[in-house]
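In what follows, a structure is listed as structure tokens, so that the remarks can point back to it.
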Amino acid sequence: MSDFDLIVVGGGIVGIATARAFARAFPGFTVGVLEKEPALACHQTGRNSGVIHAGVYYAPGSLKARFCREGSADTLAFCREHGIAFDQCGKLIVATEPAELPRLADLAARARANGLAIEEMDGPELARREPHIRGVAGFLVPSSGIVDYRAVTEAMAGELTGRGGTILTGAEVAGIAETAGGVTVETTRGRFRARHLVACAGLMADRLARMCGVRADFRIVPFRGEYYRLAKRRDHIVRHLIYPVPDPALPFLGVHLTRMIGGYVTVGPNAVLAFAREGYRFGDVSLRDLAEMLAYPGFRRTIARNLRSGLGEMRNSLSRRHYLALCQRYCPELTLDDLQPYRAGVRAQAVLRDGTLLHDFLIEGTAATIHVCNAPSPAATSAMPIARHILAHACQHWGLPAPLAA
Ligand SMILES: Cc1cc2nc3c(=O)[nH]c(=O)nc-3n(C[C@H](O)[C@H](O)[C@H](O)COP(=O)(O)OP(=O)(O)OC[C@H]3O[C@@H](n4cnc5c(N)ncnc54)[C@H](O)[C@@H]3O)c2cc1C
């Protein structure tokens, strides 16, 4: 006898959106979420930039490109429906030197290929729109916005429990056994049985995948994103989100100025290799996490390939002065006093055996389980389309009836 029809592991935005999608699609289906922390959204979901991405950067045709565009519309609609504060303040991507202009042009072409309306501008126009920002050219993506993803997750969780779903916090999954009848899950709150399981475990995705014998060969490498909050006197320094032109080889967008839904501005995040998966401070070290990383050839290859940029990130992490220099490239008037402490986040980044940092989302399954193996940014924006994709996979492979809605 099963405790649930479906167990979802992970109480971040992807897990909660997935549990909600199943509860909406199959009334009467029993859905249980197992989350190891005492509350929802404690990791990536509650420690990000809060940007509703429009879908500028992603390779046309990729899951990221499709889910980001759909997810942005879904997130705005969900916020309107649930009275959650958001602001479609737009994003300005800024080239700070002529050498960046070809990459800016490529990015503008990609934004258009992804169906976005953008507004290109030269340096003087940029200075007119954003008097505190300096650049040689840029383009505005008016549809980008900001929100608090923890609030979105909590509202989805409310909908889930309102439909009879169960959320168990403090329940860390330590083992999963797949049998002919479903799965048996060992947790710190006891043993649960279910017909099916979806794992949305973020920084622990590879461990959950290995418990179920998922074929994909990858490991999660944690990259800490450190932020500063700008001093209060800078709360109105920008009207839009201000982003640099990113390095296309890396799955990170670069240190940006972000207006936050609370009315203040942050700068960040950098991308520093973390020595612990949930290592929010430079000194946090987990011997288990480190040993696992070092033992994986893909990790050693990616470090060798990205050594120069990796060391640069470490230097900017250890020195506020160097971090400031990054921000001053497009906002020259910022000073050291403006950089005040703010919480960090850690990105779960999948690395393949050949050392590739996987840019796209990766979702894999076994007979009774589905695993979200790689859900980096913009997965907060894209949580609802990811959930629909998982639901479609489940209907196809688990013999579920056609869903009502998702
Ligand atoms: C610094 C930073 C900035 C970002 N900025 C943005 C942005 O502006 N816009 C955007 O769209 N995206 C952004 N992202 C990406 C986005 O936050 C993540 O892609 C998204 O939150 C992933 O959600 P998740 O539910 O998969 O993971 P998480 O939120 O990490 O949730 C996974 C959950 O699984 C739980 N868990 C893990 N192992 C177990 C276990 N064994 N048993 C039980 N529970 C377990 C964890 O405790 C956790 O709560 C950013 C990410 C970071 C780190």
DSSP beta bridges in the chain, what fraction antiparallel, as a percent rounded to 5? 70
Given 285, 358, 15, which one lies farthest toward the positive end of the charge dipole of the chain, if we put +1 on the Cβ of every Lys and Arg and -1 on the Cβ of every Asp and Glu? 285
Here the convex hull volume per residue of region 160-259, taken over Cα atoms and given in Å³, is 200
Would you pull out the residues with amide H under 5 Å of residue 331's amide H, same chain only if 5 or more places away, H placed 1.01 Å from N? 134
Solvent-accessible area of residue 187 with every protein chain in place, 1.4 Å probe, in Å² to the nearest 10: 20
Can you give the percent of C-alpha pairs in region 193-348 whose distance is more than 29 Å? 28
Enter the accessible area per residue of region 14-83 (Å², integer; probe 1.4 Å; all protein chains in place). 32
Compare the peptides 287-294, 220-227 by average per-residue count of other Cβ atoms within 10 angstrom and give them in order, highest first. 220-227, 287-294
Short version: what are the Cα gyration tensor semi-axes of region 355-406, square root of 5 times each eigenvalue, largest first, in whole Å? 23, 15, 6
Take the alpha-carbon positions of region 197-253, form their convex hull, and give its projected area averaged over all directions (one quarter of the hull surface) in nm². 6.9
So, in nm, how far is label residue 97 from label residue 136 when the simple model puts each one 7 Å beyond its Cα toward the Cβ? 0.9
Across region 332-347, in residue order, what do the Karplus-derived ³J(HN,Hα) couplings come to in whole Hz, using 6.51 cos²θ - 1.76 cosθ + 1.60 with θ = phi - 60° and x for Gly and Pro? x, 7, 5, 10, 4, 5, 6, 8, 10, x, 8, 5, 9, x, 10, 7
Using the Karplus equation 6.51 cos²θ - 1.76 cosθ + 1.60 (θ = phi - 60°), what ³J(HN,Hα) coupling, rounded to whole Hz, does each residue of region 107-119 give in order, writing x for Gly and Pro? 5, 5, 5, 5, 4, 5, 4, 8, x, 9, 7, 10, 10
Among 101-111, 149-159, 119-129, what's the highest-first ranking by average C-beta atoms within 10 angstrom per residue? 149-159, 101-111, 119-129
Order 135-142, 392-399 from most to least packed using the mean count of other Cβ atoms within 10 Å. 135-142, 392-399
In region 235-303, if every C-alpha pair distance is counted and binned at 10 Å from zero, what percent goes to each bin? 17, 32, 31, 16, 4
Counting only residues 5 or more apart in sequence or on a different chain, those whose built amide H sits under 5 Å from that of residue 187 are 174, 192
Taking a ≥ b ≥ c as the square roots of the eigenvalues of the Cα gyration tensor, with a/c under 1.5 meaning rounded and otherwise prolate when a/b exceeds b/c and oblate if not, region 258-404 is oblate
Radius of gyration and Dmax over the Cα atoms of region 277-332, both given in Å: 14.3, 43
Specify, per residue and in Å³, the volume enclosed by the convex hull of the alpha carbon atoms belonging to the chain. 134
Take the Cα atoms of region 1-147, find their three principal axes, and give me the spread along each one in whole Å, biggest first. 67, 31, 27
Value of D in µm² per second that Stokes-Einstein yields for region 72-147, Kirkwood Rh from Cα pairs, at 25 °C (0.890 mPa s): 181
On the accessible surface of the chain, probed at 1.4 Å with all protein chains in place, carbon and sulfur together account for a percent value of 54
If amide H atoms are built 1.01 Å from N in the plane of the peptide, which residues on other chains or at least 5 residues away come under 5 Å of the amide H of residue 198? 7, 8, 9, 370
Starting at the first residue of region 51-57, write each ³J(HN,Hα) from the Karplus equation 6.51 cos²θ - 1.76 cosθ + 1.60 with θ = phi - 60°, in whole Hz, x for Gly and Pro. 8, 8, 6, 8, x, 6, 8
Any idea of the accessible area per residue across region 139-188, 1.4 Å probe, to the nearest Å²? 38
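The values are calculated or read from the model by the stated rules, or taken from the named source; none is laboratory data. Keep in mind it's a predicted model, so treat the numbers as computed, not measured. Positions of Cβ are generated from backbone atoms using ideal geometry, with glycine treated the same way; all protein chains shown enter the neighbour counts. Keep in mind that these areas ignore ligands, DNA and RNA; they rest on the heavy atoms of the full protein, side chains included. Shrake-Rupley method; radii C 1.70, N 1.55, O 1.52, S 1.80 Å.
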